[in-house]
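Take a look at the structure set out below.
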Amino acid sequence: MSDLLLELFSEEIPARMQRQAADDLKRLVTIALVDRGLTYEGAAAYVTPRRLALQVVGLPSRQPDVREERKGPRVGAPEAAIAGFLKSAGLASLDQARIEKDKKGAEFYLAVIERAGAQTIDVLADILPQIVKNFPWPKSMRWGAASERTESLRWVRPLHSIVATFGPETETPDVVVFEVDGVASGNVTYGHRFMAPYAIQVKRFDDYALALEHAMVVIDPARRRDIILHDAKDLAFAQGLELVEDAGLLEEVAGLVEWPVTLMGKFDESFLVIPPEVIRATIRVNQKCFVLRKDGELTNRFILVSNIEASDGGATVVAGNERVIAARLSDAKFFYETDLKTKLEERLPKLDSIVFHEKLGTQGERVKRIAALAKALAPIVGADAFLAERAATLCKADLVSEMVGEFPELQGLMGRYYATAQGEDASAASAIEEHYKPQGPNDRIPTDPVSIAVALADKLDTLVGFWAIDEKPTGSKDPYALRRAALGVIRLVLENELRLPLHGVMAGLVPAIHAQRDGVDGRNKSGHDAATDLLEFFIDRLKVYLRDKGARYDLIDAALGAVAFADSEKEEAASAPLQDDLLMITRKVEALDKFLATDDGKNLLAGFRRAVNILKIEEKKDGPDAYAHRHAPNLRIEPQEHKLAAAIARAREETAEHLKTEDFAGAMRALSKLRAPVDAFFDDVTVNAENADLRLNRLRLLAELRRVMMGVADFGKIAGETATA
């Protein structure tokens, strides 16, 4: 077995592209190998700022031989069919084909195609250039004289050399010979740009990685991350400080260096009057440095990562970073102090010049809607209406501040600082920051009622607005992050245990948008109203959320499928109540799950299915409404009929009482009492009796059982089966 080593050496690859590039290289090469019948034992990709590398181990030295039998036309077929067969099979004449007989004795031609497998090194020489030429960089470029030709190689940065070797570990490997736009493959790579820029001849991955290590290059990005994190923590600990860890920054910095060297710098303590988040953002964004803290408070020290071991111990590198950070912090301090001179409400007129969406108006118009909705939601979530309206009115004001203009990621946070500085209520100030949350499945949710009211108002206004103009997510495209907004609403409702009449709230927003924006009437292209259409989207998102929490999809559908019935001699399905209470739906799913985990639940479900299957068969004969009437008590002749009828009557009353108080567990317990009489009925009673009146009466009794159970949940949806009420 042999190993492949591939390295693509270039100018600096942007850190944000490196991880995906390594994954793509491994995927493209291994798929191409397998497609050509070449299996392998393992593969690993590596990346630094200047090189993409791939190791594939356990490859055979050649492709397996191929033997293929291709069936042709029948003997005596038209010449055109025979000619097509010969061409597709690569045969010169029918003399090279065999004649076989099928099961019916008819004769047909059969071509036996045998191809010898190619040498793996030749296969590699064929596939690797194509992979390099068609590599899926998010952004790429041409360079030099070749850039005048549109067919020339495009690469993320100028490609300088290619290493491609193949062979068994007991022998000197061969170079996989190919060329890509003037760059020929070989066995020579290069060390660190500054500390070891000389050429290095390599054989296979082991000596390649070792040689690069000696040449000040750590090929493995995971190891570079570990080195940076370990050394940064050690530096901080030596000074009695703690590193503020940042996984995203660590990933980026590891992609900027081939030989990580951690150093510590400092800035003037006077800058600590700036909010710590601003200091961290300034140092992180502009200089890619880590901040440090002591006893939970930010300090005036930072950690930087250099790409060289300087002769002066890094003093010059540290001094340069300190100068830049001092300048940046000086700017940040100026922005912060300037912003504090203007109250948030004085910034509100500027929001009228910021277009949120051409069809939905400005941020100023949005703020008015959000404030009105937050005030309306306040009693529902237990918030002070005045504070909710006040916080919502100010929640976007920091968008026109100097600091947020410089660091957009600080929106909301700076609003809280400015609101606190101007004496706003603490709950209102917190709501200004927290109304953007949660921004993902792992982000924390606001728990203060004022924050909840404003966060719900902001997200619902966004969702209803885009539904009102028929701009909804399609497939994988969601440019306005509407799925995330819907998930945010769901988490706010469920995790805070809120009873929110979602449809009514959303329906009330449409006229508010229409009043501000002509042409927005709240109906989509299909003529459906936005609120109802959006509610369906919420239900779909709720299903995804609950499935991620471990709930069964069929139980969610069952909980949503309950049907209410009128209590009359002829029970007719009432109009199904709109299922817009997300908390109620969730509690119902939980109760249903617990019920079906019991023996009573499992057996009753089996009885329900048996009843439904009988009714389906008989309704085809008698018509869909044949069993709509109540059964006749005087036609009950078997004891089991009386017992089942009494149990159904009790279950109808008890489930109705429990459902009124939303005691879903109680409703399930009431249904569980049906198990024994249902089992006994099916054991001892012949439903399709010879007497037509008895048969009809017994089918009506089963229909009543079906209706009572469907009043709690659509048990026909469980485990993928369906039933009609």
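The values are calculated or read from the model by the stated rules, or taken from the named source; none is laboratory data. The shown structure was predicted, so the numbers you read here are calculated from the model rather than taken from an experiment. Neighbour counts run over all protein chains shown; Cβ positions are idealised from the backbone, glycine included. Heads up: the accessible areas ignore ligands, DNA and RNA and are worked out on the full protein's heavy atoms, side chains in. Shrake-Rupley method; radii C 1.70, N 1.55, O 1.52, S 1.80 Å.
All conditions in (1) touching a residue at least 24 places away in the same chain (Cβ under 8 Å); (2) open to solvent by 10 Å² or more (accessible area, probe 1.4 Å) hold for residue 671, with the sole exception of (2).
Just so you know, in segment 21-35 the residues that are of a type outside the set (Val, Ile, Thr) and without any contact (Cβ under 8 Å) to a residue 12 or more places away in the chain include one that is nearest to residue 55 (Cα to Cα), and it is 27.
In the set 463, 502, only one residue is buried (at least 21 other Cβ atoms within 10 Å of the Cβ), under 18 Å from residue 366 (Cβ atoms) and modelled with pLDDT of 90 or more; that residue is 463. Yes or no: segment 156-174 includes at least one residue that is among the charged types (D, E, K, R), under 37 Å from the mean Cα position of the chain (by Cα) and loosely packed, with under 12 Cβ neighbours inside 10 Å. No: segment 156-174 contains no residue that is among the charged types (D, E, K, R), under 37 Å from the mean Cα position of the chain (by Cα) and loosely packed, with under 12 Cβ neighbours inside 10 Å.
Residue-by-condition table, conditions (1) touching a strand residue (DSSP E or B) at 6+ places or on another chain (Cβ under 7 Å); (2) more than 30 Å from residue 585 (Cβ to Cβ); (3) of a type in the set (D, E, K, R); (4) buried (at least 17 other Cβ atoms within 10 Å of the Cβ):
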| position | (1), (2), (3), (4) |
| --- | --- |
| 628 | yes, no, no, no |
| 638 | no, yes, yes, no |
| 653 | no, no, yes, no |
| 711 | yes, no, no, yes |
| 715 | no, no, no, yes |
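Residues in segment 219-237: is at least one open to solvent by less than 20 Å² (accessible area, probe 1.4 Å) and in contact with a Lys or Arg (Cβ under 7 Å, 6 or more places away or on another chain)? No, segment 219-237 contains no residue that is open to solvent by less than 20 Å² (accessible area, probe 1.4 Å) and in contact with a Lys or Arg (Cβ under 7 Å, 6 or more places away or on another chain). Looking at 391, 315, just one residue is among the small types (Gly, Ala, Ser) and closer than 15 Å to residue 454 by Cβ, and that residue is 391. Selection over segment 347-366 of residues that are open to solvent by less than 50 Å² (accessible area, probe 1.4 Å) and without any contact (Cβ under 8 Å) to a residue 12 or more places away in the chain gives a count of 1. Only one entry of 77, 111 meets the criterion of being open to solvent by less than 50 Å² (accessible area, probe 1.4 Å), of a type outside the set (Ser, Thr, Tyr), farther than 30 Å from residue 164 by Cα and under 55 Å from the mean Cα position of the chain (by Cα), and that entry is 111.
Only residues that are surrounded by fewer than 18 Cβ atoms within 10 Å (Cβ to Cβ) and closer than 28 Å to residue 255 by Cα were counted across segment 25-40, and they come to 3. Residue 187 satisfies every condition listed in (1) among the polar types (S, T, N, Q); (2) closer than 13 Å to residue 161 by Cα; (3) modelled with pLDDT under 95 except (3). Exactly one residue among 590, 619 is at pLDDT 85 or above, among the acidic types (Asp, Glu), within 19 Å of residue 716 (Cβ to Cβ) and out of contact with any Leu (no Cβ under 8 Å at 6 or more places or on another chain), and that residue is 619.
Taking the criterion of being out of contact with any strand residue (DSSP E or B) (no Cβ under 8 Å at 6 or more places or on another chain) and at pLDDT below 95, no residue of segment 40-62 qualifies.
Which residue pairs have Cβ atoms closer than 9 Å, lie 6 or more positions apart in sequence or on different chains, and pair a first residue in segment 632-659 that is assigned to a helix (DSSP H, G or I) with a second residue that is aromatic (Phe, Trp, Tyr) and loosely packed, with under 13 Cβ neighbours inside 10 Å? From residues that are assigned to a helix (DSSP H, G or I), there are no pairs.
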